[in-house]
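Notes follow the structure.
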Amino acid sequence: MSHLDLNDVDVDGAVREAEEAVATDTRATFFRKAAITGGTIGSAAFFGGMLPGIAEAAPSKKQDIAILKYALTLEYLEAAFYKEAARDGGLTGQQLEAARLLNTDEQTHVTALRSTIRQLGSRVPSEPNFDFKGTNKGDKFLGTAFVLENVGVRAYLGQAGRLKSKALLAAAASIVTVEARHAAAIALLLNPGAFQTGSKSISPSGSFDRASSMKKILGEVGDTGFITGS
Amino acid sequence: LLDHIKLETLDTDGALRESAEAAGLDRSAFLKRGAVTGAGFIAGGVLFSGLASPAQAAISTRNRSKRNDVKIANYALTLEYLEADFYRQAVKNGAFANEQYRVFAALTFEHEAAHVKALRSLLGKAAVKSPTFDFGDTVTDPQKFGATAQVLEDTGVAAYAGQGPNILQKPVVQAALSIHSVEARHAAWIRYLNTGGLGETNRLPAPKAFDTPLSEKAVLSAVTKTGFITGS
């Protein structure tokens, strides 16, 4: 199919970057690169034990499991973020409702991913310890939730093309849109009356969502310092 | 294999389980209702130009191929044509319940038009042309506009979810999904506006923890019933 030109869709190169960045890394160079970016050290060390298949270029069952564990960690983080926000965040009204609803969805994703990893015969990573540093409380809640949901969208999009299993791709496709719905709902709560364009909008990257590589996401999550131990 | 993420639960209408045989049955069912033309394929009396010919009408859910990717992309393109023209006409008519609906329609039109352009570019000469549309009073009546937009966006989400796993080429999967999640953002937005906030459970921006995929057959059936597509 000679007419397929990824460049037309992948306006900022994010899709290509996601495809290549992780796939071309050997395990050793991945960690070296992760280490030299400073903020990534903690997360690389933390995720390292969970991601045995990260260096594999070609889709495989092993890589699928690695991707599931990566997704599980992000869902653990989101679920814990909302659970704590609903309990201790001092939220009221629609914000409290959002924290409760989104916690339910993320917890459902956690349960599904745990059970899938188990059924694929792999050890299920336990929930890490988190410290959200007050970012899920009061007037900080929506801003942080907005970032987390959009990270979730980019993370799933970054892995979708790397999954070997059709069933897992179907599952990822059915989760990524829920993360996108969450992101849009949070954007509306943040700024309901404003014209919805730009980086704080319903669709911060415009007509096409961006994909981010595992490496990039791990760096961003590492930088937050939210994961304090396993 | 999978427990919570099971095809049986996700795939309520059999989108992912449709076998090649089933696709064959679909074709004959379509043939009973429609006629073959050189330019396209009549389904339920409506020319659905996303389907190139009866022999190629059904997207294979079993055998992934580059040729199948073209069918999927043209199917997506046809749905994007429909959405883009729906919002274009609504914006032109300006019949919105309030300013927030106008903003929603204007920005969503921009996104859908960009999706059309990208898919056309992706397909090159293989791209189907836009059908003609008649949206009736759904683009003039503010209430009907909101309700119809919600159905269209939710259907768009379900249609992409249904085809993602059928795509062979990984870059095409990525491209499709980067559109897919934007449709979900639109769906959440219009649901929020229609509900006036987070609202009752069945009208939430994200009504379920997993979005449900729809098969080509189910989507075509739903689109045909609207009568929005009037010709090629």
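The values are calculated or read from the model by the stated rules, or taken from the named source; none is laboratory data. As the structure is a prediction and not an experimental result, all values here were calculated from the model. Cβ sites come from the backbone with ideal geometry, for glycine too, and all protein chains shown count toward neighbours.
Can you find a residue in the range A:83-94 that is modelled with pLDDT under 95 and within 30 Å of A:SER207 (Cβ to Cβ)? Yes, the range A:83-94 contains a residue that is modelled with pLDDT under 95 and within 30 Å of A:SER207 (Cβ to Cβ).
Filtering the range B:128-147 to residues that are of a type in the set (A, V, I, L, M, F, W, C) and surrounded by fewer than 18 Cβ atoms within 10 Å (Cβ to Cβ) leaves only B:ALA147.
Residues of the range B:86-112 that are among the β-branched types (Val, Ile, Thr) and within 14 Å of chain A (Cβ to nearest Cβ): B:VAL103, B:THR108. Within the range A:98-114, the set of residues being more than 7 Å from chain B (Cβ to nearest Cβ) and within 22 Å of A:ILE65 (Cα to Cα) comprises A:GLU106, A:GLN107, A:VAL110, A:LEU113, A:ARG114. Please give the number of the condition B:ALA95 fails out of (1) closer than 30 Å to B:LYS66 by Cβ; (2) in contact (Cβ under 8 Å) with a residue 40 or more places away in the chain; (3) of a type in the set (Gly, Ala, Ser). So B:ALA95 meets the others, but not (1).
Looking across the range B:154-163, the residues that are buried (at least 24 other Cβ atoms within 10 Å of the Cβ) and not polar (S, T, N, Q) come down to B:GLY156, B:VAL157, B:ALA158, B:ALA159, B:TYR160, B:ALA161, B:GLY162. Being β-branched (Val, Ile, Thr) and outside any helix (DSSP H, G or I) is a condition met by at least one residue of the range A:121-131. Scanning for something without any contact (Cβ under 8 Å) to a residue 60 or more places away in the chain, surrounded by fewer than 17 Cβ atoms within 10 Å (Cβ to Cβ) and either touching a Leu at 6+ places or on another chain (Cβ under 7 Å) or farther than 16 Å from A:LYS133 by Cα (or both), does the range A:72-94 turn up at least one residue? Yes: one or more hits. Against the list (1) assigned to a loop (DSSP other than H, G, I, E, B); (2) over 26 Å from A:LEU120 (Cα atoms), the condition A:THR228 fails is (1). For the range A:143-193, which residues satisfy the criterion of being assigned to a helix (DSSP H, G or I), over 14 Å from the mean Cα position of the chain (by Cα), surrounded by fewer than 22 Cβ atoms within 10 Å (Cβ to Cβ) and more than 7 Å from every other protein chain (Cβ to nearest Cβ)? Passing the criteria: A:GLY143, A:LEU189, A:LEU190. Criterion applied to B:THR155, B:THR132, B:THR140, B:THR148 was being β-branched (Val, Ile, Thr), in contact with a strand residue (DSSP E or B) (Cβ under 7 Å, 6 or more places away or on another chain) and either facing chain A (nearest Cβ under 10 Å) or in contact (Cβ under 8 Å) with a residue 40 or more places away in the chain (or both), and the one residue passing it is B:THR132. Number of residues in the range A:127-141 that are surrounded by 22 or more Cβ atoms within 10 Å (Cβ to Cβ) and at pLDDT below 95: the value is 0. May I ask you to list the residues in the range B:180-198 that are farther than 22 Å from B:ALA58 by Cα and within 7 Å of chain A (Cβ to nearest Cβ)? If the condition is that a residue be farther than 22 Å from B:ALA58 by Cα and within 7 Å of chain A (Cβ to nearest Cβ), then B:SER181, B:VAL182, B:ALA184, B:ARG185, B:ALA187, B:ALA188, B:TRP189, B:TYR192, B:GLY197, B:LEU198 are the ones that fit. Scanning the range B:102-115 for residues that are crowded, with 20+ Cβ neighbours inside 10 Å and in contact (Cβ under 8 Å) with a residue 24 or more places away in the chain yields B:PHE104, B:ALA105, B:THR108, B:PHE109, B:HIS111, B:GLU112, B:HIS115. For B:LYS117, are the conditions met, namely being over 13 Å from the mean Cα position of the chain (by Cα), of a type in the set (D, E, K, R) and at the interface with chain A (Cβ under 10 Å from one of its Cβ atoms)? Yes; evaluated as a whole, the condition is true for this residue. Inspection of the range A:42-65 identifies at least one residue that is within 14 Å of another protein chain (Cβ to nearest Cβ), over 18 Å from the mean Cα position of the chain (by Cα), modelled with pLDDT under 95 and in a helix (DSSP H, G or I). Hey, does the range B:59-73 have a residue that's assigned to a helix (DSSP H, G or I) and of a type in the set (Ser, Thr, Tyr)? No; the residues of the range B:59-73 include none that is assigned to a helix (DSSP H, G or I) and of a type in the set (Ser, Thr, Tyr).
Residue-level check: of (1) within 19 Å of A:GLY158 (Cα to Cα); (2) within 7 Å of chain A (Cβ to nearest Cβ), B:LEU168 misses just (2). Among residues of the range B:178-232 being polar (S, T, N, Q) and over 21 Å from A:ASP105 (Cβ atoms), the one that is surrounded by the fewest Cβ atoms within 10 Å (Cβ to Cβ) is B:THR230.
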